[in-house]
Amino acid sequence: MQYDELTHEQKNQLAGAYLCQLADDGKFAEVMGVDYDALSYGDMADAIDLVPSDVLEQEYGSVCFTEDDFF
């Protein structure tokens, strides 16, 4: 399935993965405009609200997903 076929929960998982990748790359604070480098539990819980859908679509738009990609 493509990005536009994903459920809200699946997109939330992608948003969380995107935030984790930013943190792993040391870019979280810069990209998200915050003064801390590590993700908080609140950031993960609100991931879909923090990462704009156009950013997710740009990042994952060409990926073909399966149900096994999500938990």
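Just so you know, all these numbers are worked out from the coordinates, no wet-lab data involved. The shown structure was predicted, so the numbers you read here are calculated from the model rather than taken from an experiment. In this analysis, Cβ positions are derived from the backbone assuming ideal geometry, glycine residues included, and neighbour counts consider all displayed protein chains.
Some observations on this one:
- In a simple Cβ point-charge model (Lys, Arg +1; Asp, Glu -1; nothing else charged), the stretch 9-68 has a dipole of about 40 debye relative to its Cα centre.
- Most to least packed among 19-28, 58-67 [average Cβ atoms within 10 Å]: 19-28, 58-67
- Helix-only [θ]222 nm of the chain, DSSP H runs n ≥ 4, -39500 (n - 2.57) each, per residue, nearest 500: -14500 deg cm²/dmol
- Structural size metrics of the chain, computed from C-alpha coordinates, are Rg and Dmax of 12.1, 36 Å.
- Percentage relative contact order, the stretch 3-65, counting C-alpha pairs under 8 Å, at least six apart: 43 percent
- Set of the stretch 6-25 residues, backbone N closer than 13 Å to the point 7 Å along the Cα-Cβ line of F71: 13-14, 16-17
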